[in-house]
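A quick write-up on the structure given underneath.
The values are calculated or read from the model by the stated rules, or taken from the named source; none is laboratory data. Remember, it's a predicted structure, so these values are computed and weren't measured experimentally. When we count neighbours, we look across all protein chains shown, and the Cβ atoms used for this are built from the backbone with ideal geometry, even at glycine.
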Amino acid sequence: MYFLLEQILNGVSSGAVYAIVAVGMTMIFGVMRAINFAHGEYYMIGTFGGWYATSALGLPYPAAILFGVAVTIVIAYVIGKFVMQRMIGAPVEASVVATLGVSLVLQNTAILIFGGSYKFFSAGYIEPVFFGDVGIAQQRLLIILVCILVFLGLELMVGFTRMGKTIRAVSQNIEACEVVGIDVKKVVMTTFILGTALAGFSGILTAPVNVSVYGGMGEIITFKTLPIIVMGGLGNVRGTLAAAMILGIAESLVAGHFGLQYRDSVGFITLILMLLWRPHGLFSSRARF
Amino acid sequence: MNNTPLSTTASDPKRRNLRAPIVIALAVVALGAPMVLGTYAVHAMVIALIFLLPAHGLNLLVGYTGMLSLAQAAFFGLGAYASALMSIHLGTSFPVNMLAAIALACVIAVPLGIPALRLRDTSFVMCTLGFVIIGQAISKNWISVTRGDMGLNNIDKPTVGLAGYSWTASNPVEAYYLALVLAAFATWVFWLVVRSPAGRNLVAIRENETLAESLGIPTWNYRLAAFVIAAGFGGAGGSLYVHYISVASPLMFQTLYTTTMLIIVLGGGAGSITGVIFGSFLFVALSEGLRIAPELRMIAYGLSLLILVFRFPQGFAPFLMRIWDWAGGVDKKEGSA
């Protein structure tokens, strides 16, 4: 029983990580109508930034978070300027190929600079806390808390700020936005940087739990984000949170009952089943895009 | 790519008539290259020839039918594993294995294609990517058959037997000629497919599916057929590859293979046979031959993809067409366009 509770708690915390990564991807899809196949690479960049800050610069963990996010933002800005802005209105094939290209460049540059070996991330708060007999690492609680804060912040931003309103407007109709004078390029750029910064942020948040840091780590995150954003309904922020929790808990239960090697298959089987039966997501009755 | 009949204008004294010499020169280069090049360069050319097979399949999907599929690497891996397992457990020879790999890839493509082809655009891309990931998961976890991450080793070099006489491609030079024959045969088959009325119907589907359907073309059947044929090309490539490098491992389902096929087709020019052949040599043989570190090569691939998509969406095909037109044109500026 406690075992099951622990598994569910761990599932919720990995779900929280997926949620923070996936919400960025789904928002980027909303404004660009393009799947960002490089999204996991920003998670990797954030993690590498945090790892570099703690192990090479000797910064404390909170400062490492800031450093990692800052590095992610700078790289995202450059990619946004040179690649993402050109993708507005481009055909689907072009955006798939372009983001695959970005993914290759980022991933292999990291391997080239830092080497292909696994690195050890030693900072963070990994001592467990106990609620009765159920133990959970402090870091996992922190992740869940941060996830709640991030989603509250996003809800407020999308609902009430001018930026949030323009993001919603662009995701509904790009031409109409241009007619009324919304700077579509700027909105795309802001959404892209916000989304990738969230991915980088969640990378550093999970690093103490995952411990290992390596260049190819972003790929699996991209692959897990795809089923989540499809389940949540592409472009749907709240749906993404729910879908991420479902995947996180399902993975945790599968890992606990069938073995760790089957954990990563859950996502892609979910993706294919979703695409076949409910391509518009679990929570909406018809496709938005 | 011989669209313009030469015979009608051959009597024109101003014509350059360089097309036949170019074709002959390329044929001589293709046949004579292994005698001049070193072993490693020949190996690089073998890899390029092998990758031409799945690239033809991908070209059929991307260039002729207008579907961006990432599943080609899954069928490549499937063909490789099928061949390897047959070679190890049944001891069958290379031609049997290759035919079996093609047949298996085609058969498996049907149940995969039926659901996948219902999807469009991004969803189709994600679904086909899913097939590769599932292939990788199976090859890693079905340890009793695939030996997991250790892979299958010591697969026989390709042996071709005919009427009691058998010949084994045991070194890169021999493998080169085998791959050259198979790649040429595959190119001929591919040419037959795309030049047939069926091939023209595929192009019609690419250009406007609704209009094609209204003209009575059963678009669904054609798209499924294209997916299955492409899978067959992928399986053939995988079979040849595994017999050449003699190892099958889950690494075959890596992004590297998908990307390589993608860059051959997009770089060479989707919808152009010569373009894809050119792309295969340019991107695979060159990068393999220069022995660049794998990371640098991946970075170069990534940058090439970006440049191709935004600057040369048609790849090198228009450039090749210009040379071809120049070669068959007249000296003055009134050359055919």
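List of remarks:
- Of residues in the range B:133-156 being part of a helix (DSSP H, G or I) and charged (D, E, K, R), the one farthest from B:PHE76 (Cα to Cα): B:ASP149
- Residue that is farthest from the other protein chains (Cβ to nearest Cβ) [pool: residues in the range B:117-132 that are assigned to a loop (DSSP other than H, G, I, E, B) and crowded, with 16+ Cβ neighbours inside 10 Å]: B:LEU117
- If you check B:SER144, B:SER83, B:SER170, B:SER166 for being of a type in the set (S, T, N, Q) and either at pLDDT 85 or above or surrounded by 18 or more Cβ atoms within 10 Å (Cβ to Cβ) (or both), only one passes: B:SER83.
- Hits in the range A:85-100 - residues which are part of a helix (DSSP H, G or I) and free of Cβ contacts under 8 Å to residues at least 24 places away in the same chain: A:ARG86, A:GLU93, A:ALA94, A:VAL97, A:ALA98
- Selection within the range B:121-155 - in contact (Cβ under 8 Å) with a residue 12 or more places away in the chain and at positive phi: B:GLY148, B:GLY151, B:ASN154
- So B:ILE114, is it facing another protein chain (nearest Cβ under 9 Å), surrounded by fewer than 21 Cβ atoms within 10 Å (Cβ to Cβ) and either under 14 Å from B:GLY77 (Cβ atoms) or not basic (Lys, Arg) (or both): no
- The conditions of being in a helix (DSSP H, G or I) and outside the structural domain of B:HIS243 (by TED's automatic domain parsing) are met by B:ALA44.
- Some residue of the range B:94-109 being over 19 Å from B:VAL242 (Cα atoms), part of a helix (DSSP H, G or I), in contact (Cβ under 8 Å) with a residue 60 or more places away in the chain and touching a helix residue (DSSP H, G or I) at 6+ places or on another chain (Cβ under 6 Å): yes
- Considering the range B:1-41, and only residues there that are of a type in the set (D, E, K, R) and part of a loop (DSSP other than H, G, I, E, B), the residue that is modelled with the lowest pLDDT turns out to be B:ASP12.
- Assessment of the range B:149-162 against the conditions (of a type in the set (Ser, Thr, Tyr) and surrounded by 18 or more Cβ atoms within 10 Å (Cβ to Cβ)) yields no matching residue.
- The set of residues in the range B:290-312 being at pLDDT below 80, within 14 Å of chain A (Cβ to nearest Cβ) and outside any helix (DSSP H, G or I) consists of B:ILE292, B:ALA293.
- Count of residues meeting criterion [surrounded by 16 or more Cβ atoms within 10 Å (Cβ to Cβ) and part of a helix (DSSP H, G or I)] in the range A:270-283: 5
- Only one entry in B:VAL276, B:VAL284, B:VAL265 is closer than 24 Å to A:ALA38 by Cα and away from chain A (no Cβ under 13 Å), namely B:VAL284.
- B:VAL228 being in the same structural domain as B:ALA137 (by TED's automatic domain parsing), surrounded by fewer than 22 Cβ atoms within 10 Å (Cβ to Cβ) and modelled with pLDDT under 85: no
- Within the range A:90-101, if we keep just the residues that are of a type outside the set (A, V, I, L, M) and surrounded by fewer than 24 Cβ atoms within 10 Å (Cβ to Cβ), the residue that is farthest from the other protein chains (Cβ to nearest Cβ) turns out to be A:PRO91.
- Residues of the range A:60-80 that are out of contact with any Leu (no Cβ under 9 Å at 6 or more places or on another chain) and within 13 Å of chain B (Cβ to nearest Cβ): A:VAL78 alone.
- Test: residue in the range A:53-70 that is under 20 Å from the mean Cα position of the chain (by Cα), assigned to a helix (DSSP H, G or I) and of a type in the set (Val, Ile, Thr): yes
- Residue match in the range A:184-197 (condition: within 13 Å of another protein chain (Cβ to nearest Cβ) and either under 14 Å from A:ALA19 (Cβ atoms) or at pLDDT below 90 (or both)): no
- Filtered residues of the range A:102-118 (kept if within 7 Å of another protein chain (Cβ to nearest Cβ) and either free of Cβ contacts under 8 Å to residues at least 12 places away in the same chain or touching a Ser or Thr at 6+ places or on another chain (Cβ under 6 Å) (or both)): A:LEU104, A:VAL105, A:THR109, A:LEU112
- Taking the range A:23-44 as the range and being in a helix (DSSP H, G or I) and over 12 Å from the mean Cα position of the chain (by Cα) as the test, the residues that pass are A:PHE29, A:GLY30, A:VAL31, A:MET32.
- B:GLY279 meets all of the listed conditions (1) crowded, with 23+ Cβ neighbours inside 10 Å; (2) more than 16 Å from the chain's Cα centre (by Cα); (3) of a type outside the set (D, E, K, R); (4) not assigned by TED's automatic domain parsing to the domain that holds B:LEU182 but one, namely (2).
- Residue match in the range B:66-84 (condition: over 19 Å from B:ALA109 (Cβ atoms) and out of contact with any Asp or Glu (no Cβ under 6 Å at 6 or more places or on another chain)): yes
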